[in-house]
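Each value in this text was obtained by applying a stated rule to the coordinates, not by laboratory testing. From a predicted model like this one, the values you see are computed outputs, not experimental measurements. Backbone-built Cβ (ideal geometry, glycine too); neighbour counts: all protein chains shown.
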């Protein structure tokens, strides 16, 4: 396990030393801010719920966000209690205000992928693919600004994808049940 923690730290320092650049810092700070408190994803979900033809996608997004939020913010962050990398890795400089919660897993990554993967699965690809690209950028931004370990981000992505799978199964089962009810009433 020690080797993984060393690898995590080395990746962050490598990003800091070889990828970070003053002219890109503002861009990546803005990208990471898009994921703050899941507001972007909540707003997208509300929009999808308000449009009749995308309501089913909105329901799946809402369920996926609820599942990931409970798993990440209520269970895992408190259970694992992993300190932020800037508190441990000597020389790592963060670019944003210090978050005050635990590091594992990345809530930004989990919420981003909980919504983006629903969109990829249920919406036309011309909409789903750009949302996944944005989610990937938000996930990477957490490494760029120095507030998460790579394993935090990977875990967040996996949780988001798992939440999508569960949410889509629930919506699919619900819709199948509704179709059966509709047939019975006709």
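Where the convex hull is taken over the Cα atoms of the range 90-129, what is its projected area averaged over directions, in nm²?
Details: hull surface 17.5 nm².
Averaging across all directions leaves 4.4 nm² for the Cα convex hull.
List 152, 17, 25, 8 from most exposed to least, where exposure is judged by having the fewest other Cβ atoms within 10 Å.
Details: 152 28, 17 9, 25 14, 8 21.
Placing the least packed residue first, the sequence is 17, 25, 8, 152.
In the Gaussian network model of the chain, springs joining C-alpha atoms below 10 Å, which of 162, 128, 91 carries the largest mean-square fluctuation?
With Cα springs under 10 Å in the chain, the top fluctuation among 162, 128, 91 is at 91.
Quick one: among 16, 172, 56, which has the greatest mean-square fluctuation in a GNM of the chain with alpha-carbon springs under 10 angstrom?
Comparing 16, 172, 56 in a Gaussian network model of the chain, the most mobile one is 172.
With N set to the residue count of the chain, report its C-alpha Rg divided by 2.2 N^0.38 Å to two decimal places.
Values: Rg = 18.2 Å, N = 186, 2.2 N^0.38 = 16.0 Å.
Against the empirical 2.2 N^0.38 Å value, I get 1.14 for the chain.
Counting other beta carbons within 10 Å of each Cβ, put 27, 104, 113 in order, fewest first. Mind showing how you got there, number by number?
Details: 27 13, 104 20, 113 31.
If I rank by nearby Cβ atoms, fewest first, I get 27, 104, 113.
Give me the Kirkwood hydrodynamic radius of the range 98-163 in Å, from all C-alpha pairs, to one decimal place?
It works out to 11.7 Å.
Starting from the 7 Å offset along Cα-to-Cβ, what nm value, one decimal, do you get for the label separation of residue 95 and residue 3?
3.1 nm
I'd like the orientation of helix 150-185 relative to the chain: the angle between its Cα long axis and the longest Cα principal axis, in ° from 0 to 90, rounded to 10.
That helix lies at roughly 0 degrees to the long axis.
Roughly how tilted is helix 39-50, in degrees to the nearest 10 and between 0 and 90, from the longest Cα axis of the chain?
On a 0 to 90 degree scale, this one is about 10.
Give the shape of the range 1-90 as rounded, prolate or oblate, defined through the alpha-carbon gyration tensor: a ≥ b ≥ c are the square roots of its eigenvalues, a/c under 1.5 means rounded, and otherwise the shape is prolate if a/b is larger than b/c and oblate if not.
On the way: a/c = 3.30, a/b = 1.63, b/c = 2.02.
Oblate, since a/c reaches 1.5 and b/c is not below a/b.
Taking Cα pairs under 8 Å and at least six residues apart, what relative contact order does the chain come out at, in percent?
Relative contact order, the chain: 29 percent.
Quick check on the exposure proxy: order 136, 106 from fewest to most C-beta atoms within 10 angstrom. Write out the running numbers ahead of the final one.
On the way: 136 15, 106 30.
Taking fewest neighbouring Cβ atoms as first place, the list is 136, 106.
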